[in-house]
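Notes to accompany the following structure.
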Amino acid sequence: MAHPSSARRSVTEHRAAVAGLLEPLPVADRELADCLGLVLVRDLTAPVPLPPFDNSAMDGYAVRAADVAGAGAADPVTLPVEADIPAGRTEVPALRPGTAHRIMTGAPVPAGADAIVQVELTDGGTERVEIRAAVAAGTHLRFTGEDVPKGAVVLRAGTVLGPPQLGLAAAVGYAALPVRRPPRVLVLSTGSELVEPGTALLPGQIYESNSVLLAAAVREAGGTATVLRFVPDDVDTFLGAVRSHAAEVDLLVTSGGVSAGAYEVVKDALTGRGVEFVKVAVQPGGPQGCGRLDGLPVVTLPGNPVSAALSFELFVRPALLGAMGHTVVDRPRARARLTSALRSPAGRRQYRRARHDEGMVEVVPVGGPGSHLLASFAASNCLIEIPEPVTEVTAGTEVDLVLLN
Ligand code: AMP
Ligand code: MG
């Protein structure tokens, strides 16, 4: 699509262009411990029922309910204890009428028993036990397959694997699951002014912060990040750095060097090499680029920290989630009443840093629109989205929010 220099690409168009760079990631079986946040690609059925055998829900005594029918606190029934069944015992003798087996929670219920008397209703004896209450048949028994019948689908394809889903997969016997592997992202920050946090600054230098922010955002989305932090504004050094890592990653995300000045290293290096540089109708974060360098998908983000962070949110995060097989790739949204008036440039979708209250009634803008104001971003819990045609929003108006975290 042609974009004359005056025309801006819409947020939606650029988002689609970035998403279109990534193929669905390859599927492989992966150990459960490494599946958190990944997406299951096939329906998962239970090879065994859950529970796999009838077992006791209490520490106590396995009995025949009929044998303790008359028991009460004043007139207990005493039974001989003929076996001891801790959890983990795999061969259990049958219960003979008129006897009890001591049994622990999770232990197999012996054939012939139809109820458990919890230990608190007995004297706790090991040779003989005094039972001080009657119990109905079925009391404190957990039955085979009552949670999951054998062969049932336990997790559907498309499920995002969180702690309970991983626990369930293990409970029915899976050691590994078929998932799309996490995307591997090379995060590369350019700028000859950037130095390592923890070292002294010379006048004109700043601490490099985008790479740590972007790598954390990659990990939060479920990917892994390789970081190259101090690539100077030099085309050959930049291309050399990228090419030495290109084979190990699925996506290159750069920060800086894409706007209209001189020394725009990313633009200079990638123009004419398969990456298209555009202006997107968004604030902050207008100058953007995406494409392929020697086949490697590349997304180039502007260098101002809030622009880089917001561009990642808008363009990169949904693309990564989509490639991982997530069907929901957007942050949750809400609406709330704006506490003070805002202005927004015509023809651009503006995102303003803000905080909403707990009840999501009111939203307070935090700081101005400047794309270098990182502290206000760190103090925000949402973004106010002001649509392209809107130039003024008055206090008291209901606005759209993108909820962060
Ligand atoms: P650029 O897009 O390279 O022109 O950078 C825009 C602004 O963002 C400049 O003020 C840069 O110093 C700053 N900046 C660029 N990259 C980083 C970075 N990795 N960490 C912190 N600030 C940066
Ligand atoms: Mg720069």
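For the range 143-191, what is the largest minus smallest coordinate of the Cα atoms on each principal axis, given in angstrom and ordered from greatest to least?
Computed over the range 143-191, the largest-to-smallest principal extents equal 65, 16, 16 Å.
With a probe of 1.4 Å, find how much accessible area the range 360-405 has per residue, and write the answer as a whole number in Å².
47 Å²
Under a 1.4 Å probe, what is the accessible area of the range 1-135 per residue, stated in Å²?
That works out to 50 Å² for each residue.
How many percent of the accessible area of the range 196-303 is carbon or sulfur, using a 1.4 Å probe?
Of all accessible area on the range 196-303, carbon and sulfur atoms account for 56 percent.
Quantify, in whole percent, the carbon and sulfur part of the accessible surface of the range 314-362 (1.4 Å probe; protein heavy atoms only).
Its accessible area is 48 percent carbon and sulfur atoms.
Do any trypsin sites (Lys or Arg not before Pro) in the range 124-180 lie in a loop, going by DSSP, with at most 10 other beta-carbon atoms within 10 Å of their beta carbon, and if so which?
Passing sites in the range 124-180 are 156.
Pulled fully out, how much extra length does the chain show between residue 216 and residue 263, if you take 0.36 nm times their separation in residues and subtract their Cα-Cα distance?
Result for the pair: 14.2 nm of gain on full extension.
How large is ³J(HN,Hα) for each residue in the range 161-169, as worked out from phi by the Karplus curve 6.51 cos²θ - 1.76 cosθ + 1.60 (θ = phi - 60°), to whole Hz, x for Gly and Pro?
Going residue by residue, I get 7, x, x, x, 5, 5, x, 5, 4 Hz, with x marking Gly and Pro.
Exactly which GluC sites (Glu not before Pro) in the range 21-106 are in a DSSP loop and have at most 13 other Cβ atoms within 10 Å? Let's see the in-between values first.
On the way: sites: 31, 82, 91; in loops: 91.
Sparse-neighbourhood loop GluC sites (Glu not before Pro): 91.
Rounded to the nearest percent, how much of the accessible area of the range 131-191 (1.4 Å probe, protein heavy atoms only) is carbon and sulfur? Show your work: numbers first, answer last.
Values: 1500 of 2660 Å².
Exposed carbon and sulfur together represent 57 percent of the surface.
Amide H neighbours of residue 195 under 5 Å, counting only residues 5+ apart in sequence or on other chains, H built in-plane at 1.01 Å?
Under 5 Å from the amide H of residue 195: 206, 207, 208.
Taking the Cα atoms only, what angle lies between the long axis of helix 210-220 and the longest principal axis of the chain, rounded to 10 degrees?
Between helix and principal axis, roughly 30 degrees.
Expressed as a whole number of Å, what is the distance separating the alpha-carbon centroids of the range 170-197 and the range 277-315?
First find each Cα centre; the distance between them is then 19 Å.
Could you pull the Rg and Dmax for the range 271-337, using just the Cα atoms, both in Å?
Gyration radius and largest Cα-Cα distance of the range 271-337: 13.7, 48 Å.
Place a label point 7 angstrom from the Cα of residue 84 along the Cα-to-Cβ direction, then list the residues of the range 112-142 whose backbone nitrogen is under 20 Å away.
117-131
Going by amide H atoms built from the backbone, whose H comes under 5 Å of the H on residue 113, apart from near neighbours?
So residue 113 has HN proximity to 95.
Given the options 106, 286, 124, which has the most mean-square fluctuation in a GNM of the chain, springs set between C-alpha atoms less than 10 angstrom apart?
Result: 124 has the largest fluctuation of those listed.
Given a 1.4 Å probe, how much area per residue of the range 156-281 is accessible, in Å²?
Numbers: 5650 Å² over 126 residues.
Result: 45 Å² per residue.
So what's the net charge close to residue 122: Lys and Arg +1, Asp and Glu -1, counting the other residues with Cβ under 10 Å from its Cβ?
-1
The values are calculated or read from the model by the stated rules, or taken from the named source; none is laboratory data. It should be emphasised that the depicted structure is a prediction, and the values quoted were computed from it without experimental measurement. Cβ: placed from backbone, ideal geometry, glycine included. Neighbour counts: every protein chain shown. With ligands, DNA and RNA removed, areas are computed over all heavy atoms of the protein, side chains included. Shrake-Rupley method; radii C 1.70, N 1.55, O 1.52, S 1.80 Å.
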